[in-house]
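Structure first, then comments.
The values are calculated or read from the model by the stated rules, or taken from the named source; none is laboratory data. Everything quoted here is computed from the prediction, not taken from an experiment. Positions of Cβ are backbone-derived with ideal geometry, glycine not excepted, and every protein chain shown enters the neighbour counts.
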């Protein structure tokens with residue numbers, strides 16, 4: 001009688017306890033949603049990586065030989081215009097990465 005009661009309890013527990021999932025390294029991976037049954041659909045695509053444009057070479061308007069003791073202010077003015085020209089040629093920063101959301105293999109907006 002005790003074996004029959006034990007068997008009945010085990011069968012009732014196995015049939016009614018569907019909320020419990022096995023854990024551990026040897027447990028099978030069970031999908032939690034019916035839409036997640038195919039793991040290939042849930043993987044994200046490879047990111048698109050573009051090469052950065054080469055930097056523009058700096059202007060070279062003032063040489064050390066241009067600076068003289070007679071007129072240092074003209075060399076300083078040329079140097080300021082050189083720095084301003086270099087500042088204008090700096091490219092804008094690239095946009096941050098765009099994140100695409102996929103659900104069941106369909107891209108979401």
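If you go through the range 65-86 one residue at a time, do you hit one that is under 24 Å from residue 49 (Cβ atoms) and at pLDDT below 85? No, there is no match, as no residue in the range 65-86 is under 24 Å from residue 49 (Cβ atoms) and at pLDDT below 85. Can you say whether residue 90 is in a loop (DSSP other than H, G, I, E, B) and at pLDDT 75 or above, as far as the supplied structure shows? Yes, satisfied.
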